[in-house]
Structure formats: structure tokens, C-alpha cells
């Protein structure tokens, strides 16, 4: 029985492939419109595809690993084939290659990167250490990026839409969970820079500290006996210093009147 040939046996690793043989899957930029790709398409129509598109075998077709934007722009430019680099990558390897290209060559906002790295670690059961090696990033950087996922998805979307970045996020993440939503909203409302946000947090903490002190004193003064004892001690001290001070305390109609008389001079 004759062995059935496959595309991996008939094509070299670096070759020209027909565009109708390329599949675009798992692409982070698939939402780009034709209008957004017109400048790239115009460049390709004049210069061609200068950097080969990375693909991997997929039955009788090839799955695009890196270069979906170039492939789509090439179609807009009227090309029928493009230069391709064939790589034999596993699913996780293909995801890592695409993610690495996405991060290093045209980085989006850090919230998107955090979601993608988190997805990579979850879907392919990779540790932070393994992800850092595959993506060519220090482990501390990967840990720092993934730390952004401590914010809820809704909070990350709100911050991104409101013009806040990872610097705001790391400041907010140092605060109690109950305070984070307020800090996001006030930062967007007042267009806080990271430095202004830090100052706001410090000033708010100082103001809260004063309020707590006032509340403690108010609770203490709400004790009638403690209140009267405090006044009587103050009166006693003034008398010892020679001040001619007198007091009168009358209880009637459910109230207590406390009168203090002392000379103006």
C-alpha cells in the first residue's frame, strides 16, 4: 500500500505558499478591519512580504502561527502567495510563539498581555517559570504582569477604557480590595497621573486618621459622667491657678444645663 503524502513532505521549511492554503486560528489580532490594514497592504503591494509568515502543518493546509496581519494585508494587496517559514510546533509552542511576537514586536496594553499569559498558563498547564522561558521574559516580569489579574476583568476593562495603565494598577493593588473600585473611578474622573493617585491615597489616609481620632473623642464625650468629670477637672485646674470661676448644674425637663461663669480678664 502506497504511503499517502502530506504537505510536510512536499514543501521545504522555507518556501512560497498559496494564501488559500493558509488558515488563521488563535490570532489575537483577528478583529482588525480591512481599513486598519490598508497602509500595510499598500506597502506589501509595492515591496512584497519582506518577513516570512510562520506557519505549521495542519492536514492539507498550514496554520498561521505568526503573521496573520501580513497574510490578510497580502490578500488585500492582491497577492496569491506569500513567503512562509514552516515550523513543527505543538499547540502550546504555537501559542507561545504567537504570544511572544505579540508582546515583543507590537505590545498592546499590559492588561491584555496579563490575560493572554494567564490564558497560556491555564490552558497549557505551564508554570510562571516555564512561561518566562518560552516567552523570553524574566520570571519576575511574568509574575508582575500576572499580578494585574488580581483586579477583576471588569476593573481591568474599565481602567483600560479610562486611560489608566499598569502603573495605576500596581498602586491600586496595594490598597484594600474594598477601596479599589473607588480609586479606579476617582482616577478616571479626575484624570490622575500615577503620582497624583499616590498623593490622593496618602492625603485620604491622613484625613481618615483624623476622622477616626474625632470619632474616638466623640464616643468618649458621649459618656455623660466622663463629660462632666472632664469639665470639673478643667474647672478645678483653673481655680488652682487663681481664676475666679464658678459653675452651676441644673437637671430639668429631661435635660441637664451646665453653666460656667468666669471673668473676661
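Computed from the coordinates by the stated procedures, all read-outs in this text should not be read as laboratory data. Because the structure is predicted, anything quoted here is derived from the model rather than measured. Neighbour counts are summed over all protein chains in view; Cβ atoms, including those assigned to glycine, are modelled from backbone coordinates with ideal geometry.
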Using alpha carbon centers only, segment 111-175 is separated from segment 42-61 by a whole-angstrom value of 31
Which residue fluctuates the most in the chain, going by a Gaussian network model with Cα springs under 10 Å, if the choices are 56, 224, 75? 224
A correct fewest-to-most ranking of 63, 206 by other Cβ atoms within 10 Å would be 206, 63
Return the single residue from 180, 239, 150 with maximal mean-square fluctuation; model: Gaussian network over the chain, springs between Cα atoms under 10 Å. 239
Only Cα pairs under 8 Å and at least 6 apart count here; give the relative contact order of segment 155-222 as a rounded whole percent. 29
Percent antiparallel among DSSP beta bridges confined to the chain, rounded to 5, stands at 75
Helical contribution to [θ] at 222 nm, DSSP H n ≥ 4, -39,500 (n - 2.57), averaged over the chain, rounded to 500: -17500 deg cm²/dmol
Say R0 is 45 Å: what FRET efficiency, to the nearest 0.05, do residue 58 and residue 154 get from their beta-carbon distance? 0.80
Extending each Cα 7 Å along its Cβ direction at residue 143 and residue 24, get the distance between those two points in nm, one decimal. 3.8
Please work out how much length the chain gains when fully extended from residue 43 to residue 241, using 0.36 nm per residue of separation minus the C-alpha to C-alpha distance, in nm with one decimal. 62.0 nm
When all C-alpha to C-alpha distances in segment 155-222 are sorted into bins of 10 Å, what percent of pairs does each bin hold, rounded to whole numbers? 20, 45, 19, 12, 4
Using 0.36 nm per residue, how much length does the chain from residue 100 to residue 224 gain when fully extended, once their Cα-Cα distance is taken away? 37.7 nm
Label-point separation (nm) for residue 133 and residue 119, each offset 7 Å from Cα along Cα-to-Cβ? 2.5
How high is the relative contact order of segment 25-154? Use alpha-carbon pairs under 8 Å, at least six apart in sequence, and give a whole percent. 20
So for 49, 55, fewest C-beta neighbours within 10 Å to most, what's the order? 49, 55
Can you give the Kirkwood hydrodynamic radius for segment 33-180, in Å, rounded to one decimal and based on Cα pairs? 17.4
Under 8 Å for C-alpha pairs, at least 6 residues apart: give me the relative contact order for the chain, rounded to a whole percent. 12
Checking 101, 213, 204 against a Gaussian network model of the chain (alpha-carbon springs below 10 Å), the top fluctuating residue turns out to be 213
P(r) for segment 137-262: what percent of alpha-carbon pairs falls in each 5 Å bin, starting at zero? 2, 8, 13, 12, 10, 8, 6, 5, 5, 7, 8, 7, 5, 3, 1, 0
In Å³ per residue, the alpha-carbon convex hull of the chain encloses 265
